[in-house]
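Working notes, beginning with the structure itself.
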Amino acid sequence: MDKRTTEREVVAELESGMTIGIGGWGSRRKPMSLVREILRSDLQDLTVVTYGGPDAGLLCKYGKVSKLIYGFVSLDSIPLEPHFRQARQAGSFRAAELDEGMLQWGLRAAAHRLPFLPVRAGLGSDVVTVNPELRMVTSPYDDGEELIAMPALELDVALIHMNRADKLGNGQFLGPDPYFDDLFCHAAKRRFMSCEKIVASEDFQKEGSVHTVSINRLMIDGVIEAPGGAHFTECTPDYGRDETFQREYAATAKDPDAWQAFKERYLDLESEADYQAAVKNR
Amino acid sequence: MSEITRAEICAVAIAECFRNDGETLMSAFGTTPTVGGRLAKLTFSPDLFMTDGIATGIETVPPVSGPAREAPIKSAWMPFRLFFDNVVWTTRRHVMMMASQIDKFGNQNFACIGPHEKPKAQLLGMRGAPGNTLYHATSYFVPNHSSKVFVEKVDVVSGVGYDRAAALGERTSRFHDIRRVVSNLGVFDFDTPNHAMRLASVHPGVSVDDVVSNTGFELVIGEAVPETRLPSDEELRIIREDLDPEGLINKEVRD
């Protein structure tokens with residue numbers, strides 16, 4: 001069995017109108033090489049589910065997103081993602097803004113093939129008014145509590161980035177947090193994992209305990225070796241966030257000329273290899 | 001010792017918010033709340049638990065500025081998902097969040113300014129505020145008290161206030177507990193019959209009128225409003241030497 005593939009093959013499989021879940025968290029271990037390949041494609045009208053970072057910022061900036069399902073979008077060291085803000089303030093996509101916990105519950109419901117999971121978080125806040133499709137459910141037990149029926153966030157595709165993977169589709173995180181990557185995979189019909197390095201299965205435990213192999217091959221349809229694939233988000237311990245690059249990216253939101261120059265230099269390129277070369281040569 | 005700054009008074013007022021919390025996860029966002037929360041742990045609330053802000057509980061209290069110290073002692077694993085399981089949904093947390101807008105019942109907004117479908121200014125988003133406020137103790141910090149922040153009606157409710165919590169019924173709101181609001185002008189609580197915001201104390205050098213004229217709704221004000229207490233010498237030493245040698249809090253709260 002060999003599930004190795006490329007960003008190009010993965011994105012060729014996607015269609016406009018799909019619902020895509022993106023792993024990682026904020027500006028941390030995002031599958032950016034896959035995001036960049038989507039930017040190079042003619043995909044449109046995507047529904048994106050994310051604990052948002054520059055993945056959300058870039059996809060919104062490129063007009064790829066018709067609906068974003070999120071609890072926040074942040075670059076961590078830069079608390080507000082300026083490209084996302086700009087797109088929000090232009091009203092250029094439907095913002096399905098949830099409590100962070102509800103997002104987890106929606107993914108979990110999809111993972112468990114349930115129509116919904118009851119959740120208290122969100123009640124009383126404007127989460128329920130800005131998401132009018134949310135419905136309530138009453139506990140059938142004596143407490144009779146009325147809760148939000150958080151609908152399953154069923155994904156067509158999940159994209160995640162791990163530190164290590166084998167060609168079978170097992171994946172390992174070596175940083176401190178697995179985020180919600182496994183839930184994204186469980187919630188999706190097709191699951192693609194990029195990684196810093198493909199290793200032999202027997203080599204996983206040279207770098208981390210068995211607990212760090214949080215993605216098993218039942219959860220994955222394709223594996224992409226993408227060194228630097230999370231750049232400019234952090235991918236510890238392989239590399240930290242490229243703060244200089246992130247600041248440069250963030251600063252372009254204010255200045256259309258700077259954005260055009262940034263785009264030409266780093267994004268309007270033929271391939272991920274060209275991106276990595278452009279980053280290296282800057 | 002040099003003159004006590006307003007930021008230092010705020011830090012101590014914030015520490016006081018965590019005084020009786022016992023063994024609770026103390027989460028504080030913003031520089032002054034971070035210093036205040038850690039001051040509580042280093043003084044009168046030693047059992048408070050905190051994290052490194054990444055994915056681990058820590059058993060040491062790191063500074064927010066100044067030269068690097070020894071690495072924190074890491075204890076329990078606390079990645080984001082376990083954070084929900086371990087502290088938020090099990091109610092074992094007291095969070096201090098910032099508020100871009102807050103109303104008289106403590107409804108808080110840091111999601112966006114203007115209509116949600118097309119905001120004038122997109123801010124943080126809902127984040128965890130809706131769940132936090134229904135599940136565990138919450139306080140707020142406002143470094144720039146004005147009638148644009150303390151408003152009659154917030155544009156979007158991210159953190160749930162007392163009136164909306166009451167409307168959810170006793171069971172759903174049984175963990176709802178908005179403790180205090182600390183601003184650069186004073187300390188506020190909700191210890192009133194209908195949980196309307198009350199001016200609990202004014203910081204030294206601030207008059208009740210200063211607070212009233214910078215607040216966009218009617219505060220509950222008692223006959224004699226006390227002054228917020230001053231930091232002790234030991235608290236000042238901890239703030240200035242141990243927690244914030246560069247005085248970053250004085251950039252967040254100006255005199």
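Restricting the range A:11-35 to residues that are assigned to a helix (DSSP H, G or I) and surrounded by fewer than 24 Cβ atoms within 10 Å (Cβ to Cβ), the residue that is farthest from the other protein chains (Cβ to nearest Cβ) is A:A12. The residue that is surrounded by the fewest Cβ atoms within 10 Å (Cβ to Cβ), among those in the range B:11-24 that are touching a Ser or Thr at 6+ places or on another chain (Cβ under 6 Å) and part of a helix (DSSP H, G or I), is B:A13. Residue under question is A:G208, and the condition is that it be in the same structural domain as A:H186 (by TED's automatic domain parsing) and in contact with a Leu (Cβ under 7 Å, 6 or more places away or on another chain); does it hold? Taking the combined requirement at face value, the residue satisfies it.
Mind checking which strands (runs of 3 or more DSSP E) fall wholly inside the range A:41-154 and carry at least 1 residues that are touching a residue at least 12 places away in the same chain (Cβ under 8 Å) and within 22 Å of the chain's Cα centre (by Cα)?
Values: elements: A:46-52, A:65-73, A:94-97, A:116-119, A:135-138, A:146-151.
Answer list for the range A:41-154: A:46-52, A:65-73, A:94-97, A:116-119, A:146-151.
Total residues in the range B:25-44 satisfying the condition of being surrounded by fewer than 21 Cβ atoms within 10 Å (Cβ to Cβ), more than 14 Å from chain A (Cβ to nearest Cβ) and either of a type outside the set (D, E, K, R) or on the phi > 0 side of the Ramachandran plot (or both): the figure is 3.
Residues that are out of contact with any helix residue (DSSP H, G or I) (no Cβ under 6 Å at 6 or more places or on another chain), assigned to a loop (DSSP other than H, G, I, E, B) and surrounded by fewer than 23 Cβ atoms within 10 Å (Cβ to Cβ) do not occur anywhere in the range B:105-113. Kindly indicate whether any position in the range B:127-146 is at pLDDT 95 or above, over 15 Å from the mean Cα position of the chain (by Cα) and more than 11 Å from every other protein chain (Cβ to nearest Cβ). Yes, the range B:127-146 contains a residue that is at pLDDT 95 or above, over 15 Å from the mean Cα position of the chain (by Cα) and more than 11 Å from every other protein chain (Cβ to nearest Cβ).
Per the listing B:R180, B:R164, the residue uniquely within 14 Å of another protein chain (Cβ to nearest Cβ) and closer than 22 Å to B:G128 by Cα is B:R164.
Here A:E146 meets the list (1) touching a strand residue (DSSP E or B) at 6+ places or on another chain (Cβ under 6 Å); (2) of a type in the set (D, E, K, R); (3) crowded, with 21+ Cβ neighbours inside 10 Å almost entirely, failing just condition (3).
The values are calculated or read from the model by the stated rules, or taken from the named source; none is laboratory data. Here the structure is a predicted model, which is why all the values come from computation and not from measurement. Because the Cβ atoms are built from the backbone with ideal geometry, glycine has one as well, and the counts that use them run over all protein chains shown.
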